[in-house]
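J.: Can you keep this structure in mind? I'll have questions shortly.
Every read-out reported here was derived from the displayed coordinates using simple, explicitly stated rules and does not represent laboratory data. It should be emphasised that the depicted structure is a prediction, and the values quoted were computed from it without experimental measurement. Positions of Cβ are backbone-derived with ideal geometry, glycine not excepted, and every protein chain shown enters the neighbour counts.
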Amino acid sequence: MDQQEVASAEGHADEVVILVHGLWTPAAVFLLHSRWLERLGYRTLRFGYHSVRATLSENAAELQICVAETNAESIHLVGHSLGGLIILDMLAQTSDPRLRRAVLLGTPCSDSYAARRLSSVWGLSTLLGQSTMEWLSRSPDATTLQRSTVEVGVLAGTRSVGLGRVLAGLPTPNDGLVTLAETRLPGAIDFIDLPLAHSEMLISRRCAAQIARFLASGRFMHAADPEKLPRIE
């Protein structure tokens with residue numbers, strides 16, 4: 001670790017990043033991002049929850065408890081897909097002053113063509129789980145940041161590889177499951193799209209560098225100069 005990396009690590013010593021996984025996946029899917037962020041000096045916590053058996057409201061309440069019990073001066077949040085919706089639901093209910101920034105990865109903030117199509121097939125609503133079905137039952141414009149002072153950045157993918165490809169009519173561009181338009185969130189501080197598939201975001205160093213950039217500055221790096229992004233190893 002060189003002097004610049006040491007300075008970065010010391011600068012984030014009192015900051016915790018809580019990582020929130022998506023549907024059908026365990027907290028372990030954020031293992032790489034957890035390791036990369038820790039090398040930049042952050043402390044990390046991988047929040048696990050029942051993505052199928054528990055409702056969105058129940059999971060948001062559990063995340064709120066997790067935040068309240070976290071010992072840190074500053075707390076950031078990173079959520080993938082459904083995990084991002086849980087973060088947004090929690091932010092609508094809490095005003096913990098230690099919450100600073102949040103990054104949503106491939107989160108269908110406005111709606112989900114894929115989820116609605118799948119839920120219309122007999123038996124698949126149970127597979128999608130109570131969190132997803134509760135969210136689908138709400139108005140499409142119910143997901144907002146009106147009550148939150150947390151700076152939120154949205155990262156979307158445009159590499160169309162995944163389950164969504166078997167669904168006829170999935171609008172493009174998309175990440176194979178969530179469309180670019182669906183990730184738009186009114187009130188978000190910044191937005192960026194990368195040529196990544198939905199699950200690919202969980203293993204991408206390029207994605208990790210943009211997360212680190214937003215957590216540190218409140219903005220993504222939109223320029224093409226890779227030297228201005230944090231070095232992820």
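J.: List the residues, sorted by chain then number, that are 5 or more residues from Leu194 or on another chain and whose placed amide H is less than 5 Å from its amide H.
T.: It is Ala156, Gly157, Thr158, by chain and number.
J.: Another question, if that's okay. Just to be sure I understand: if I project the alpha-carbon convex hull of the chain onto a plane and average over all orientations, what area do I get in nm²?
T.: Taking the Cα atoms of the chain, their convex hull projects to 11.8 nm² on average.
J.: Let me ask something else. Per residue of the range 200-205, in order, report the coupling 6.51 cos²θ - 1.76 cosθ + 1.60 (Karplus, θ = phi - 60°) as ³J(HN,Hα) in whole Hz, putting x for Gly and Pro.
T.: 5, 4, 6, 10, 8, 5
J.: Something else now. With a sphere of radius 14 Å drawn around the Cβ of Glu58, what net charge do the other residues whose Cβ falls strictly inside it have (Lys, Arg +1; Asp, Glu -1)?
T.: -2
J.: Right, another one. Among 67-77, 119-129, how do they line up from the highest to the lowest mean number of other beta-carbon atoms within 10 Å?
T.: 67-77, 119-129
J.: Another question about this same structure. Which value at 222 nm does the chain reach when only helices count, each DSSP H run of 4 or more adding -39,500 (n - 2.57), with the total divided by all residues and rounded to the nearest 500 deg cm²/dmol?
T.: -10000 deg cm²/dmol
J.: In percent, how large is the relative contact order of the chain, given Cα pairs closer than 8 Å and 6 or more residues apart?
T.: 18
J.: Using amide H atoms built 1.01 Å from N in the peptide plane, name the residues 5+ places from Arg46, or on other chains, whose amide H lies under 5 Å from its own.
T.: For Arg46, whose amide H was placed from the backbone, the distant partners under 5 Å are Leu19.
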